[in-house]
1. Given contacts defined as C-alpha pairs under 8 Å and at least six residues apart, what's the relative contact order of the chain, whole-number percent?
2. Please list, ordered by chain and number, the residues whose modelled amide H lies under 5 Å from the amide H of Ala474; skip anything fewer than 5 residues away on the same chain.
3. Just to confirm the number: angle between the C-alpha axis of helix 564-574 and the first principal axis of the chain, 0 to 90 degrees, nearest 10?
4. Using only the alpha-carbon atoms, how far is helix 147-157 inclined from the longest principal axis of the chain? Give it as 0 to 90 degrees, nearest 10.
5. Could you tally the net charge around His241, taking each other residue with its Cβ under 10 Å from the Cβ of His241, Lys/Arg +1 and Asp/Glu -1?
6. Could you please report the charge total around Met443, scoring K, R as +1 and D, E as -1 over all other residues with beta-carbon less than 14 angstrom from its beta-carbon?
7. If we count trypsin sites (Lys or Arg not before Pro) as exposed when they sit in a DSSP loop and have at most 13 other beta carbons within 10 Å, what is the longest stretch of the chain that avoids them all?
8. Rounding to the nearest 20 debye, state how big the charge dipole of the chain is about its Cα centre with +1 on each Lys and Arg Cβ and -1 on each Asp and Glu Cβ.
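The values are calculated or read from the model by the stated rules, or taken from the named source; none is laboratory data. Values in this document were obtained by computation on a predicted structure and should not be read as measured data. Cβ atoms come from the backbone with ideal geometry, glycine included; neighbour counts cover every protein chain shown. These area figures cover heavy atoms from the full protein model, side chains too; ligands, DNA and RNA do not enter into them. Shrake-Rupley method; radii C 1.70, N 1.55, O 1.52, S 1.80 Å.
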Amino acid sequence: MSVPSPLPVSATTSGEASQATAAFRVARDFLLDHREDYQGAVDGFVWPELSYFNYALDWFDVLATELDTADRLALWLVEADGSEQRLTYADLRLRSNAAANWLRSVGVRRGDRVLLALGNQVELWVAVLALTKVGAVMIPTTTLADSVELEQRIRLADARIVIARSQDAAAYESLPAQTAAGLIRIGAGGELPLPGWLDLADAAGQPTQFVADQQTAAGDPLFLYYTSGTTAEAKLVEHSHVSYTIGHLSTMYWIGVRPGDVHLNISSPGWGKHAWSNFFAPFHAGATVYLFNYRRFDATRLLQEMGRAGITSFCAPPTVWRMLIQADLTALTNPPHTVVGAGEPLNPEVIAQVQAAWGATIRDGYGQTETTLQIGNFPGQPVKPGSMGKPAPGYPVVLVDQETGEVVTTPGRPGEICLDLAARPLGLTSGYHGDESRTSEAMREGFYHTSDVAWADDEGYITYVGRTDDVFKASDYRISPFELESAMLEHEWVREVAVVPSPDPLRLAVPKAYILLVEGVEPSHATAMALFAYSRERLSPYKRIRRLTFETTLPKTISEKIRRVELRRREALLYAGLPAGQSTPAGE
């Protein structure tokens, strides 16, 4: 079976089944039908071409009115104290309709920029659906953002509405007068917000039928996302009503989530991965989004909750996987059938331990805020340890030589991960908001450039090397931090590690490891000597760890990616005055 040749179609303004809905459903069903037939999916999948599309009206509300999905749980939120909220697809449709009507009544219009800073609370899902129906543009923001970050995001995105947790309302009172002028402020959840704030709870009194004011053009902006900034200043990424909705068909295919699944993804609101796996991928499939709002991560409690909820599909960042394997995984007697990891590649030892306990293989996936899932290990396909997998259906991934600009065709030869714009995937950003030069730089020479380096083997499996800014030279050898980190993580004493170049007068730079130890291991001289010895056993001479330091935390983004850029800056300052010829520490 292959998807028919796409035709331009348009959506209705009522949310009823339309040509757009039908085109999306055909593409979705094709991937579900080829769930474990990767080559068939790649060969036959094409992105639907739509002139108009509104995800909330033309897909979510359709599921919410169909007999087999209307009463299915769409959202299941469990708090640390055991209290919970369960909403069906029909429930969310009615609530978001009322919220959309209320938002329009308080002045929110199509095209308005809305800073959305909510936690894992029902109001977040209601607001996203409602704002999509209205046609507003969302700026997802972490609840941990400080006043400087809030001011920057509101100003640069020209936001005129804020929807925030009521408990965080005070943080917006210190905004500069110019930024705060005319700002509509809406609180959600908890106590009533401060004077001058509106309360999203008032939407409960609005009609539960919603009619859009006009059709939503497929290319209209829907999201403005700030990247997490692991190696550079954050960028404002623009996504449309199709790129970050329909585009997540690739994410649904990678996760392997199916209709009726109960899907748990551990991710913080405000960042792209939350939309990937806590909204679009499971709602594409007609699955249930489950969340456990723990106050402090407790692997044993999480496993208990997963068992109670009957989680069938699970996604977590590497940090969580590494903590989980320190608990008794076998205590979960009904483990999920599909498990994936994202954020940074996982080392083979973690994958092996989960496989032994659950009989399921963690499948890595790769994407960016600028895209949906680009590369992955897909259901039913062999997984090669250390590899991210193969290009997703609909994603024309190529490796480009950073020096010559040529497409790499030789197995094992590294190149920058790029997307061929001649076959532009639907899930790719339209560009960086308000920054034409940065957009042009990323889209230069017929490719979208990810700034990530990888190599492919003779079967097309792609292995991550590192960010173009992370890969460094030591004694004229190119060093991949991830390769060294993977080796060190296999030592039983190492819980987390980050490797960066440390300035050296003889070698230009040497690999230095910032290490977090597992509980019960002391950060002593003897421990350091043992880890240096382990490095000598596992790594080639030019790759060995030459310096190390023990830490209690590593600098990370809110999405749990290690900020190596911060550690590199620390190293540059630390060794700025190192005299020529001075010897390096004991790792030599």
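1. 11
2. Close amide H contacts, sequence-distant or interchain: Ile479.
3. Helix 564-574 and the main axis of the chain meet at about 40 degrees.
4. On a 0 to 90 degree scale, this one is about 60.
5. On the way: positive: none; negative: Asp58, Asp220.
Net charge around His241: -2.
6. After counting each charged neighbour, the total is -4.
7. Working: sites that count: Arg109, Arg295, Arg296.
The segment 297-588 is the longest one with no such site.
8. It comes to approximately 660 debye.
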